[in-house]
Each structure stands twice: as C-alpha cells, then as structure tokens.
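Below is one structure, written out as structure tokens, with a few remarks after it.
Quick note: the coordinates plus some simple rules give every number you see, no bench work behind them. Everything quoted here is computed from the prediction, not taken from an experiment. Glycine also receives a Cβ, built like all others from the backbone with ideal geometry; neighbour counts cover every protein chain displayed.
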Amino acid sequence: MDGLTVVFDLDGTLVETAPDLIHATNHVMTLKGLPPMDAAEIRPLISFGSRAMIEYSLKHHGVSLPAEEVGQLQTRFLEYYAENIAVESHCFPGLEAALTMLTGRGARLAVCTNKQEQPSRQLLEALGIIGHFHGIAGRDTFPVFKPDPEHLRGAVRLAGGDPKNAVMVGDSETDIKTAKAAGVPVIAVPFGYTDVPVHKLSPDIVIEHYDHLEKAIERVRRH
C-alpha cells in the first residue's frame, strides 16, 4: 500500500464516542433544569455536532432559547466534554490491529473530522492511537469542512499523500458525500452515527468489522 493514504472519520468510525457526548448533552440539560435525553434518541445526531444535539434536546423538551443562549450552552458542553473526553469512549473492535496492519503495509493514515482539531487530538491521545496518524484535520483546521471535498483533500495532504491515491472510511452521509465529491473511494461502517443505514447511501463497500478493512481497501483500489 505504498503511496496510499487512508483517511478516517473520527466519531462513530474510529471511536465509539457516543456515551461521553451524550453525557455532555445531558449535563447542559441539567443546567436548564431539564431531564436527561434517551441515548438512543440523540445518538444519530452526533455526526451533526454538539449544537445540533443541544438544539434537538431543547426542542424535545419544548424549550426555545435565543441563539446566544444556545451558544452559551454549547460552550458549557465543550468545557464539560474536554474534561470527560474519554471516560467511556473506546476504539471500535479490530481498529488498532487494522491501523497497525495499514502502516505496516506502507499506507499513510489521516483523520478528517468535523470535531474541532484540539479535542480530536486530545481524544486520540487519551486512547493511545494518535501515533498511527500522519495528519489530523478537524473542523477548524482549514477554512472549509465536510462535506466540502477540500477538507478531505487537505487531510490527505497533511499526511503527505496524494488525493488521487486515497481511500475514505466513514460512518455517515456527510462522509460519503465528501468522498464522492473528492473523487475518493469510500468504505462505510454501519456501527456509527446516522439515521439512515449506510448501505442506503451508496458507499463503495460496507464492512461490518475492521477485520475486513484490508480486503475492502484492495477491492476499491482495483475499481
């Protein structure tokens, strides 16, 4: 795989971050005297970011707040999350072995996420996997972010790769749209954060476990 760059989304693709993000959402609900949200209800919103999770939860409780106040809640969310970023978050099964395999075969690895860069690095560091990645592109790394294809291309370049020789791995419609717009093959995982099953979003391949990643990459590169 010399010359290949494999780019991963973060939340719901590399890492099961839902528990800690949901705790952060419910933390700010308690600040408003509101009951906690059911985890299953807000899990699909994770790919849309913290503000979307907060706004949905407020609406669920019949609460309407000015945009400025929602922004203040988002700040409190991010503060709480930074202090509790890897309490329950963990890598998906088979991931670490897959990352080791890819780098062992000569691939360069990158992260392309709509999470901001600093907490992305903090999370990857806390889980002990940051050393696998040659480039990390967060929502605020460039002037654009997913689904803009330049976010993905920028992540590849940060890793020292060529966007014409790359593969994307993601869990959401945003990831699939981004990859297609960039002309990059996309492998989807079904265990992430989406309200639409990924196989309905027309990725090149869906894999159920990271044990299948190597063969999936070989398949998409032949097409």
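Of note:
- Charge-dipole axis of the chain as Lys and Arg at +1 and Asp and Glu at -1 on Cβ define it, positive-most pick from Ala188, Gly106, Ile136: Gly106
- Only Lys, Arg (+1) and Asp, Glu (-1) charged, at Cβ; the stretch 28-103 dipole about Cα centre in debye: 140 debye
- Just checking the listed ones, Gly160, Gly192, Gly131: in the Gaussian network model of the chain with Cα springs under 10 Å, the one fluctuating most is Gly131.
- Flagged links, alpha-carbon separation over 29 Å, of Lys32/Lys146; Lys115/Lys180; Lys146/Lys200; Lys32/Lys115: Lys32/Lys146
- Within the stretch 158-223, GluC sites (Glu not before Pro) in DSSP loop having at most 10 other beta-carbon neighbours inside 10 Å: Glu208
- Computed from Cα atoms, the angle from the helix 117-126 axis to the main principal axis of the chain rounds to 80 degrees.
- Charged-residue dipole, Cβ positions (Lys, Arg, Asp, Glu), the chain about Cα centre, Debye nearest 20: 660 debye
- Couplings 3J(HN,Hα) for the stretch 51-67, derived from phi with the Karplus relation 6.51 cos²θ - 1.76 cosθ + 1.60 (θ = phi - 60°), are 5, 5, 5, 5, 4, 5, 5, 4, 4, 4, 8, x, 10, 10, 10, x, 4 Hz, where x marks Gly and Pro.
- Fraction of antiparallel bridges per DSSP, the chain only, in percent to nearest 5: 10 percent
- Calculated mean residue ellipticity, 222 nm, the chain: -13000 deg cm²/dmol, from DSSP H runs (n ≥ 4) at -39500 (n - 2.57) each, averaged per residue and rounded to 500.
- For the chain, the longest principal axis of the Cα atoms and the long axis of helix 213-222 meet at an angle of about 60 degrees.
- Based on C-alpha pairs under 8 angstrom that are at least 6 apart in sequence, the chain has a relative contact order of 25 percent.
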